[in-house]
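Read the structure below first, then the notes.
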Amino acid sequence: MNLKTTLIVAAVALLGGCAATPPPCDGPTTRNLDAAVMHVKDKLATGCTAQFNGYFDTLLTTAEGNPRPENKRVFSEFLVWTADEGLLSQRQAKDYYNRFFNVKFMTLASDYNTCSHTCPRRDRVLLDMERELSDKERGLLRVSRDDAGYYRADRLFKEVELVLEATCTACAAGR
């Protein structure tokens, strides 16, 4: 091959390589939650779906910089969009929202028999609920300034601890 042909082949290879390069999946750098959500939507729509958890965490951090009750609506609309776009199922989107912005605990969202299912793994269930309470602290207190909602969730956690203790003691005695 002569030099001209070699240069053309190299240029075509470089251009072809550029087309195969995945989009940059950088997160938002703005402190404005609405602008950050738009950035994340754009990135998710252009192939950066594997970064969803990181993006969601970044959006929470952005919202912590300007906590207000309206942030719940922003996150709700964002999660509805992710379900509409097929990025998350309806259930996954609902679970994300409830984990951070609802007093109800997703950890206990089951219809299992307490004696046979929950009591044998009570410590694990309570640890998972404690982690979820931490997420609720972030979403309810630090993102949306819903103090009453967070303290209600905290109270529910303590009540579940007591009820589980009594129930599991009764289950053990009944065996």
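What the table below lists for this structure:
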read-out	value
Pairs, first closer than 16 Å to HIS39 by Cα in the range 66-92, second surrounded by 15 or more Cβ atoms within 10 Å (Cβ to Cβ) and among the aliphatic types (A, V, I, L, M), C-beta under 6 Å, six or more apart	VAL74/LEU33; PHE78/VAL37; LEU79/ALA93; THR82/LEU88; THR82/ALA93; LEU87/LEU44
Long-range neighbours under 7 Å by Cβ, at least six apart or interchain, first residue more than 15 Å from GLY65 (Cα to Cα) and at pLDDT 95 or above within the range 136-156, second part of a helix (DSSP H, G or I) and open to solvent by 60 Å² or more (accessible area, probe 1.4 Å)	TYR150/GLU137
Condition check for PRO120: more than 18 Å from the chain's Cα centre (by Cα) and within 26 Å of THR29 (Cβ to Cβ)	no
Any hit, the range 112-131, residues being free of Cβ contacts under 8 Å to residues at least 12 places away in the same chain, open to solvent by 80 Å² or more (accessible area, probe 1.4 Å) and part of a loop (DSSP other than H, G, I, E, B)	yes
Positions within the range 19-45 being open to solvent by less than 70 Å² (accessible area, probe 1.4 Å) and part of a loop (DSSP other than H, G, I, E, B), in sequence order	PRO23, CYS25, GLY27, PRO28, THR30
Boolean, ASN71 is closer than 20 Å to LEU140 by Cα and not in a helix (DSSP H, G or I)	no
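The values are calculated or read from the model by the stated rules, or taken from the named source; none is laboratory data. On a predicted model such as this, the values are computed, not experimentally measured, just so you know. Cβ sites come from the backbone with ideal geometry, for glycine too, and all protein chains shown count toward neighbours. Surface areas here come from the heavy atoms of the whole protein model, side chains and all, with no ligands, DNA or RNA. Shrake-Rupley method; radii C 1.70, N 1.55, O 1.52, S 1.80 Å.
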